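Before any comments, here is the structure.
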Amino acid sequence: MARTSKAITQSDNLCLAGGVALNCVANGKIQESGLFKKVWIQPAAGDAGGAIGAALAHYFFRYAENRAVNTERDEMSQALLGPSISEEELEAFCEENHLKPLWFKTNAERNQFTVANIIDGKVIGWVQGRMEYSPRALGARSIIASPSITGMQRKLNMSVKFREDFRPFAPVMLREEALNYFNCDYEAAYMQFVKKIATEHRYPLVKNFNSLSLKEKLEVPRSKFQAITHVDFSSRLQVVEERDHPFYGLLLEMRKQSGDAVLVNTSFNTNGEPIVCDLKDAYNCFLKTNIDILVVGNNAFIKSK
């Protein structure tokens, strides 16, 4: 279909939407094919995301508006289009539930605290600003952890997400790491593409690897980012480039403390549940899982041992 579209239109750009556009493996193959100079995929690429196309079609056809294109920035505002949690809501919630979170004066202090705990093996619930318009967590309602700690993939699956232990996790990273570890030189802000880690960053596999069971394969070291490197060396990438993104400063701090601006990023929910939206959702999920710390804005809720 992509080849046919290219032949008919001769366009250098491909835009995808709809449920099939959530197939990151297929998207990665189209991107790697070189058929198009740029591939853009709607972050809420499912049936619900069709609302955007319907609204745009009505706007352009009904009112005959010109289609102005801004190539300087992401017009979808990083897909952070949902509701946010106000300071008043946070204060009221804490008062009602007799909670006293740790408060940070600056984002930098918060990031230093968060990264130090991530490196120490803690799992963090991360709630910042407006919620994502996407079936995937993009940095506003996320669970984050270190991809380099042994057993982190199993821990997240079994005691946080409550799902099968083989399920892979996606990495979020800055541009430099995307180029270095995945040879990714294109935009991938919305977890649209699957790409394999570069050969030079792969660990040699045992000779009988292909004959092992999936569970046994999962236990074989594949890269220093074990939690986000699947058994075929692939990862579903999220690359952060905009400085006002909820992850940007955190990833810079991760690079400062660990050497690499790479984190595990998975949606803030348990298996079968929607992504948390408000503070009550986030706090309840925090309590019933093995998330160690909940960070909301510049406040941190820490579980007592």
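The values are calculated or read from the model by the stated rules, or taken from the named source; none is laboratory data. No experiment lies behind these values; they were computed from the predicted model shown. Note that each Cβ is placed from the backbone with ideal geometry, even for glycine, and that neighbours are counted across all protein chains shown.
Do we have Ala189 as among the aliphatic types (A, V, I, L, M) and either in contact with a strand residue (DSSP E or B) (Cβ under 7 Å, 6 or more places away or on another chain) or not assigned by TED's automatic domain parsing to the domain that holds Val264 (or both) here? If you could, list the steps in order and put the result at the bottom.
Numbers: among the aliphatic types (A, V, I, L, M): yes; either in contact with a strand residue (DSSP E or B) (Cβ under 7 Å, 6 or more places away or on another chain) or not assigned by TED's automatic domain parsing to the domain that holds Val264 (or both): yes.
Considered against the rule, which asks whether it is among the aliphatic types (A, V, I, L, M) and either in contact with a strand residue (DSSP E or B) (Cβ under 7 Å, 6 or more places away or on another chain) or not assigned by TED's automatic domain parsing to the domain that holds Val264 (or both), Ala189 comes out as yes.
For every residue, the table says whether it meets (1) exposed (fewer than 11 other Cβ atoms within 10 Å of the Cβ); (2) in contact (Cβ under 8 Å) with a residue 60 or more places away in the chain; (3) among the β-branched types (Val, Ile, Thr); (4) not assigned by TED's automatic domain parsing to the domain that holds Ile149.
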position: Gln78; (1), (2), (3), (4): no, yes, no, yes
position: Gly82; (1), (2), (3), (4): no, yes, no, yes
position: Ala92; (1), (2), (3), (4): no, no, no, no
position: Leu99; (1), (2), (3), (4): no, yes, no, no
position: Thr106; (1), (2), (3), (4): yes, yes, yes, no
position: Ile118; (1), (2), (3), (4): no, yes, yes, no
position: Lys122; (1), (2), (3), (4): no, yes, no, no
position: Gly129; (1), (2), (3), (4): no, yes, no, no
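Return yes or no: is Tyr59 loosely packed, with under 10 Cβ neighbours inside 10 Å, out of contact with any Gly (no Cβ under 8 Å at 6 or more places or on another chain), modelled with pLDDT under 95 and not assigned by TED's automatic domain parsing to the domain that holds Arg243?
no
To keep it simple, each residue is scored yes or no on (1) in contact (Cβ under 8 Å) with a residue 60 or more places away in the chain; (2) assigned by TED's automatic domain parsing to the domain that holds Met191; (3) more than 24 Å from Ser235 (Cα to Cα).
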| residue | (1), (2), (3) |
| --- | --- |
| Ala7 | no, no, yes |
| Cys15 | no, no, no |
| Gly18 | no, no, no |
| Asn23 | no, no, no |
| Gly28 | yes, no, no |
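For the stretch 1-117, give me every one of the helices (runs of 4 or more DSSP H) that falls completely inside it and has 3 or more residues that are under 20 Å from the mean Cα position of the chain (by Cα) and on the phi < 0 side of the Ramachandran plot.
Values: elements: 2-9, 24-33, 50-63, 87-96.
Correct list: 24-33.
Quick one: in the stretch 1-42, which of the residues that are closer than 17 Å to Met76 by Cα and either touching a Gly at 6+ places or on another chain (Cβ under 8 Å) or of a type in the set (Val, Ile, Thr) (or both) is modelled with the highest pLDDT?
Filtering first and then ranking leaves Val39.
From the list Phe233, Phe247, Phe225, which one is on the phi > 0 side of the Ramachandran plot and in contact (Cβ under 8 Å) with a residue 24 or more places away in the chain? Spell out how you get there, then give the answer.
Numbers: Phe247 fails: on the phi > 0 side of the Ramachandran plot; Phe225 fails: on the phi > 0 side of the Ramachandran plot.
Unique residue meeting the criteria: Phe233.
Here is a list: Pro135, Pro147. Which entry is in a loop (DSSP other than H, G, I, E, B), closer than 20 Å to Cys277 by Cα and touching a residue at least 12 places away in the same chain (Cβ under 8 Å)? Spell out the reasoning first.
Numbers: Pro147 fails: closer than 20 Å to Cys277 by Cα.
When all the criteria are applied, what remains is Pro135.
Can you go through Val172, Val160 and tell me which one is under 22 Å from Asn284 (Cα atoms), touching a residue at least 40 places away in the same chain (Cβ under 8 Å) and in contact with a strand residue (DSSP E or B) (Cβ under 8 Å, 6 or more places away or on another chain)? So that I can check it myself, show each step before the final result.
Values: Val172 fails: under 22 Å from Asn284 (Cα atoms).
Only one candidate passes the filter, namely Val160.
Restricting to the stretch 171-193, name every residue that is hydrophobic (A, V, I, L, M, F, W, C), surrounded by 23 or more Cβ atoms within 10 Å (Cβ to Cβ) and in a strand (DSSP E or B).
Val172, Met173, Phe193
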